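Report on the following structure.
The values are calculated or read from the model by the stated rules, or taken from the named source; none is laboratory data. On a predicted model such as this, the values are computed, not experimentally measured, just so you know. Cβ atoms come from the backbone with ideal geometry, glycine included; neighbour counts cover every protein chain shown. Side chains are part of the model used for accessible areas, which takes the heavy atoms of the whole protein and leaves out ligands, DNA and RNA. Shrake-Rupley method; radii C 1.70, N 1.55, O 1.52, S 1.80 Å.
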Amino acid sequence: MTSTEQAVETFDSLNPATDEVVGTHPVHDADAVEAAVTRARAAATWWASLGFDGRAERLRRWKGVLARRLPELCELVSAETGKPEGDAQLEIVLAIEHIEWAARNAKKVLGPKRRSSGLLLSNQVATVEYQPLGVVGVIGPWNFPVFTPLGSVAYALAAGNAVVFKPSEYTPGVGAWLVDAFAEVVGEKPVLQLVTGFGATGAALVGADVDKIAFTGSAATGKKIMAAAADRLTPVVIEAGGKDALIVDADADLDAAADAAVWGAFWNAGQTCVGVERVYVHTAVYEEFVAKLTRLAREVRPGEHYGPMTMRSQLGVVRRHIADALARGGRALVGGADAVGDRYVRPTVLVDVPEDSVAVREETFGPTVTVTRVSDMDEAIEKANDSAYGLGSTVFSRRRGMELARRLRTGMTAINAPLAFAGIATLPFGGMGESGFGRIHGPEGLREFARPKAIARQRYRMPLAMTTFARTARTDELVGKLITVLHGRR
Ligand code: NAD
């Protein structure tokens, strides 16, 4: 190294099951982030010029790389998060479906469309089209390091934007893999770039000259990002945490409901934004449901069905939530106070937990679930909705599924199956309240990364010229009469 070269600070990503170093990555500072954004701006013009079809072709080739090298990517996701490779495959498979959907549908959703111009301006041709924003900064979490960021990245790219992607400091290797795979199919310009580091690198991206920030992570960080983005009036999408409820009606298929609750609560060690953290069960089927749930929960084995906690610090949160539930009269039917180990947490089913316990109110993000008896579905809805969060929810009911789903104050609801909305590419994904706002996936997810451009083109001069100082008193009189005839009847 010469005296003018500076040592680049680096950090390691670790395998949370073993603490082995998976990879070493640079900590990008504000200058490096700003340089990436400047490069992205030039690349964005070129990428936009490829048009929908040109971009779709490249996105499909990217998808092909992911599909062909699936085992390699699964292994890396598993190494950095600790999740079983089968779970890694599930999130990658869903992400591939999303890339394909975004590529196939961008033109239809965002391309020019005629709109009615109305009677008074019938001489105009009205069109709207969705143009790319320019450069989108994507900040990702670690829990689904492929599926979650690609929900923003793929849709932003399909809409014609360049992207600077800052993966979580726990999964930088997965981020680098995805960006390198993209560079294999789009080698001409840095359309998708990676910046790595901790919160400060993310903050630098928010403060840079980007046209939008798509953030997925905790509500606390989301608030900081929104406040910082206000400086430049940079728009943001916030995909934050959840405290999702599953409600079980008296007529529900209890085997299916118990299976969904167990999977929704414990899958990915509960480190799932749309994981089931609360269950409300109709009193008529409460005992039977709890018996089925506990039987299934006892069969779930950490280390086999799910991995360790990816972030060691989360162990303390899970311990605190279980302790609070137990201290306030709750009982653990499975797991309990000693379920939290050094790396792994055993499945924990809690009952009789007061609604104001932190185990019911705050996001636990661990393999625990509270189960509460309710007298009817009105009470189930009321309790489920009594949350600062509003991300996903699940209903098990044979007759009233749609009605109950509509009444749940969340961005998404699954009926009679767990989390199905996340895998359906046509459905928008996002929340309300502390879960954030804005949408990824589906047509809404494409429009989130585009700017509506309205164009009115005059075809001929109207005999009743209204927008000129040459307007006559006669024109005013006729317009007044016309509007009374058109709108004044009631
Ligand atoms: P986190 O908020 O700690 O970090 C998320 C990302 O933000 C990381 O890349 C981090 O480096 C970055 N960051 C931290 N401080 C920053 C700052 N001041 N400015 C800019 N960037 C900053 O979240 P996490 O622990 O990585 O992820 C877990 C959370 O994500 C949970 O709350 C979970 O529910 C949520 N999540 C939500 C969704 C969703 O789609 N709604 C999906 C997955 C995870």
Short to long, in 10 Å steps from zero, the percent of alpha-carbon pairs of the stretch 144-197 per bin is 25, 61, 14
Which three numbers, in whole Å and largest first, are the semi-axes of the equivalent ellipsoid of the stretch 338-409 derived from its Cα gyration tensor as √(5λ)? 26, 13, 13
Can you tell me the order of 118-129, 60-71 when each peptide is scored by its average per-residue count of other Cβ atoms within 10 angstrom, highest first? 60-71, 118-129
In Å and from the alpha-carbon atoms only, list the Rg and Dmax of the stretch 356-466. 20.7, 71
For the chain, take the longest principal axis of its alpha carbons; what is the angle in degrees between that and the long axis of helix 286-298, to the nearest 10 within 0 to 90? 80 degrees
Kindly provide the chymotrypsin sites (Phe, Trp or Tyr not before Pro) of the stretch 404-485 that DSSP labels as loop, not H, G, I, E or B, and whose Cβ sees at most 14 other Cβ atoms within 10 Å. Tyr460, Phe469
Taking θ = phi - 60°, what integer Hz values does the Karplus form 6.51 cos²θ - 1.76 cosθ + 1.60 yield along the stretch 306-319, in sequence order, with x for Gly and Pro? 8, x, x, 5, 5, 9, 4, 5, 5, 4, x, 5, 4, 4
Given H placed on each backbone N at 1.01 Å, which residues far from Val138 in sequence or on other chains put an amide H within less than 5 Å of it? Val164, Phe165, Lys166, Ala214
Could you tell me the distance between the Cα centroids of the stretch 6-43 and the stretch 281-329, to the nearest Å? 36 Å
State the Kirkwood hydrodynamic radius of the stretch 269-319 in Å, one decimal place, computed from all pairs of distinct Cα atoms. 13.2 Å
Just want to confirm a number: the relative contact order over the stretch 118-270, from Cα pairs under 8 angstrom separated by 6+ residues, in percent. 21 percent
Cβ-Cβ cut-off under 10 Å around Ala425, Lys and Arg +1, Asp and Glu -1: the net charge is -1
Hey, what does the equivalent ellipsoid look like for the stretch 437-490, semi-axes from the Cα gyration tensor as sqrt of 5 times each eigenvalue, largest first, whole Å? 39, 18, 9
Over the chain, what percent of the accessible surface lies on carbon and sulfur atoms, probe 1.4 Å? 54 percent
Using the Cβ atoms and a cut-off under 13 Å, what net charge is assigned to the surroundings of Val27, where Lys and Arg are +1 and Asp and Glu are -1? -4
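Once you have the Kirkwood Rh of the stretch 403-453 from its Cα pairs, apply Stokes-Einstein at 4 °C and 1.567 mPa s and quote D in µm²/s.
Result for D is 108 µm²/s.
Expressed as a rounded percentage, what relative contact order does the chain have, with Cα pairs under 8 Å and six or more residues apart? Show your work: numbers first, answer last.
Values: 1065 pairs, mean separation 84.7, N = 490.
Dividing the mean separation by the residue count of the chain yields 17 percent.
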Two-site label geometry, Thr283 and Thr24: point separation in nm, points 7 Å out along Cα→Cβ: 6.4 nm
If you bin the C-alpha pair distances of the chain every 10 Å from 0, what whole percents do you get? 4, 18, 26, 22, 15, 8, 4, 2, 0
Between rounded, prolate and oblate, where does the stretch 284-357 land on the alpha carbon gyration tensor, with a ≥ b ≥ c its root eigenvalues, rounded for a/c under 1.5, else prolate if a/b exceeds b/c? oblate
Per principal axis, largest first, the Cα atoms of the stretch 243-400 extend in Å by 44, 30, 27
Here is the link list: Lys63/Lys453; Lys292/Lys383; Lys113/Lys166; Lys83/Lys212; Lys113/Lys189; Lys243/Lys292. Which ones come out longer than 24 Å on Cα distance? Lys63/Lys453; Lys113/Lys166; Lys83/Lys212; Lys113/Lys189
Would you work out the Kirkwood radius for the stretch 1-124? I mean one over the mean of 1/r across all pairs of different Cα atoms, in Å. 19.0 Å
Report, as a whole number in µm² per second, the diffusion coefficient that Stokes-Einstein gives for the stretch 204-321 at 4 °C and 1.567 mPa s using the Kirkwood radius over alpha carbon pairs. 77 µm²/s
Which parts of the stretch 27-61 would a label at Asp180 reach, counting a residue when its backbone N lies under 18 Å from a point 7 Å out along Cα-to-Cβ? 27-28
Taking every other residue with Cβ under 14 Å from the Cβ of Asn416 and scoring Lys and Arg +1, Asp and Glu -1, one gets -3
Kirkwood hydrodynamic radius of the stretch 54-109 from all distinct Cα pairs, in Å? 11.9 Å
